Amino acid sequence: MPPKADLNPKGWKYHFNRRNRASKEGRHLPTLEELYCGMSFLNDSLARDAQAWSERVIPCFAEKASKLTRSALQTALERLTVSASLQDLTFVYDETVKYETSFDLSTEVERAARRLVVYRVAGGDVSARSLLCEDLVSRIRRLPYESAELWAISSTLLGLMLNMDRPQSLSGSHTHSLGDFFCDGKSMLSRLQGSSSLWEEKAPKGIESEVSIKNPANEAPVPNPDGSSIVVFSNIGNETKRNEDHFSSTLKELVGKKLPLKTVPNLKYVRDILANEFPYAIGIADAILGDLASRDYIAMRPTALVGPPGCGKTTFSQRLGELLELPFETYSCAGINDSSVAGTARRWSSGEPAMPTALVISTRLANPLIILDEIEKAATSKFNGSLLDALLPFLEPRSASRYHDIFIQASVDLSGVVWLATANDVAPLPKPFRDRCRILAFPSPTLADLPAIAPRLAEAIITSRGLDKRWISPLNLHEMEALSAAWPGGSLRSLKRLVEGVLLARDQFAGRH
């Protein structure tokens, strides 16, 4: 039988990256060892990963353990199928550690405890990092020195040690996998050698992890795995002792350093989700994603989505940013009657950099997304400057790459910033703005789209009430018929109000019976 190297001619890195993509797309539940190497959680979600894993191991414990001994751990694991908060993870871990079992089941219980340690660290439990370090060291001792897995786990271990006492920054329900620590550890190994030669020489089959770079605001920028990066801030103009307090330490750290450009994710996965959530706007999704098809990093033309009120333009734009994993800022333009988007001069006490400059500083990413909502409703008076006039240099790649920020008093490269705008009508927009933007007519949903849209709106309403959508029955045939009779198509806002009314009527009916 040929050795494994002959069976896998493309190496460990290739197969790891394939499984990592499958994990992000929800087709592969990563193993414990793959999580150690920085692989993403299932669907890039800790809660989804914990739910799928617990559902998989519960039958295993039920088969191999007696009814008397399995009840406590099995009950604890069932808790993760509903919720995976840090409190839940800690409770299940404690139950696993004190669980007494036979020799045949000891290995499964030990692996369960180690996986729960990974979940706790990803959930922001700083106290669990030392436990994870012990598990990683235990794994490293069993691996050959030349293996790529050893170097991947070693990078994760080094990243953990560097961040042992540093709070982890989490946003929303999206938690960080160990890939963040892997990137930190690999970056440190590269800096110790002055380049990436250590990684290339010691681990010729090493992993270039596809885990997204998600830098907390207080950390140094990490090089992009694909090497796509640009220097945004070359210098700070007129930086004297008198005005040095104007600049944050974060901005000073970024001067002269390359900032990563977010790489293009799996576009088929993005398109499939957009087609499911916005079936009537799939043409818009294809037009925008077409800009990314041949690129390594995310870059697209400034685009304005024009359509009637309530058709979902802003929601679509925000969802696109989430699926592309781009940090974004939604800027409401309605009633804005100044040019503050371009920043304020340093000589004023309220001086601040331009909005795209500030977003690049806060995200430490060279291509964040800015959504200009209701751009046509910006004030037309030019007494305090004009928002639409101030935006013009940002929308032209040549001028954006050498934009003179009046607060920094130096040129900054903002050519990577991605711009999307929404409007109900293109007529109020001045010609210079229209010339710099691609205008896409955003359609309205029709009655034919109701079966796809209504269930999603119902789930969103249920979730907003703090309920688990799995405990609520979906809209039935009679409710869908009522919605079809009351909603002719057009506005998503009106449909949402109708769905809320249907759910309220359901609650009142259940209360009477």
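The values are calculated or read from the model by the stated rules, or taken from the named source; none is laboratory data. Not measured: the values here are computed from a predicted model. Using ideal geometry, Cβ is built from the backbone for each residue, glycine included, and neighbour counts are taken over all protein chains shown.
Only a single item in (1) modelled with pLDDT under 85; (2) among the small types (G, A, S); (3) under 23 Å from the mean Cα position of the chain (by Cα); (4) surrounded by 18 or more Cβ atoms within 10 Å (Cβ to Cβ) is not met by A76, and it is number (3).
If the condition is being closer than 30 Å to K258 by Cα and basic (K, R), then segment 377-430 contributes R398, R402.
Counting only helices (runs of 4 or more DSSP H) wholly contained in segment 346-442, the ones carrying 1 or more residues that are in contact (Cβ under 8 Å) with a residue 24 or more places away in the chain occupy 355-363, 387-395, 431-436.
With A485, A452, A460, A448 as the choices, which residue is touching an Asp or Glu at 6+ places or on another chain (Cβ under 9 Å), assigned to a helix (DSSP H, G or I) and surrounded by fewer than 16 Cβ atoms within 10 Å (Cβ to Cβ)? Don't jump to the end; show me each part of the working.
Values: A485 fails: touching an Asp or Glu at 6+ places or on another chain (Cβ under 9 Å); A460 fails: touching an Asp or Glu at 6+ places or on another chain (Cβ under 9 Å); A448 fails: touching an Asp or Glu at 6+ places or on another chain (Cβ under 9 Å).
Step by step, each of A485, A452, A460, A448 is checked, and only A452 is touching an Asp or Glu at 6+ places or on another chain (Cβ under 9 Å), assigned to a helix (DSSP H, G or I) and surrounded by fewer than 16 Cβ atoms within 10 Å (Cβ to Cβ).
Taking into account only those residues within segment 477-509 that are among the polar types (S, T, N, Q) and within 14 Å of I453 (Cβ to Cβ), which is modelled with the lowest pLDDT? Quick ask: steps written out before the conclusion?
The first filter runs over segment 477-509 and keeps only residues among the polar types (S, T, N, Q), leaving 484, 491, 494, 508.
Now narrow it down to the ones that are within 14 Å of I453 (Cβ to Cβ): 484, 491, 494.
Details: S484: 87, S491: 83, S494: 88.
Among those that are among the polar types (S, T, N, Q) and within 14 Å of I453 (Cβ to Cβ), it is S491.
In the condition set (1) modelled with pLDDT of 80 or more; (2) over 20 Å from the mean Cα position of the chain (by Cα); (3) surrounded by fewer than 18 Cβ atoms within 10 Å (Cβ to Cβ), H28 is compliant with all but (2).
Do we have L395 as buried (at least 23 other Cβ atoms within 10 Å of the Cβ) and of a type outside the set (D, E, K, R) here? Spelling it out, it is not the case that L395 is buried (at least 23 other Cβ atoms within 10 Å of the Cβ) and of a type outside the set (D, E, K, R). Counting only helices (runs of 4 or more DSSP H) that fall entirely inside segment 74-144 and contain at least 1 residues that are assigned by TED's automatic domain parsing to the domain that holds F41 and within 30 Å of T463 (Cα to Cα), the qualifying elements are 86-97, 103-122.
In segment 172-186, the residue that is modelled with the lowest pLDDT out of those that are of a type outside the set (A, V, I, L, M, F, W, C), assigned to a helix (DSSP H, G or I) and out of contact with any Lys or Arg (no Cβ under 9 Å at 6 or more places or on another chain) is D184. Counting only residues that are closer than 22 Å to M355 by Cα and surrounded by 17 or more Cβ atoms within 10 Å (Cβ to Cβ), segment 298-312 holds 7 of them. Here L326 passes the criteria (1) without any contact (Cβ under 8 Å) to a residue 60 or more places away in the chain; (2) buried (at least 17 other Cβ atoms within 10 Å of the Cβ) except the one numbered (1). Pairs linking a residue in segment 466-495 that is closer than 25 Å to C311 by Cα to a residue that is surrounded by 13 or more Cβ atoms within 10 Å (Cβ to Cβ) and among the aromatic types (F, W, Y), with Cβ atoms under 6 Å and 6 or more positions apart or on different chains, are L495/W487. Checking each residue in segment 261-310 for being within 16 Å of the chain's Cα centre (by Cα) and part of a loop (DSSP other than H, G, I, E, B) picks out L261, K262, V264, P265, N266, I298.
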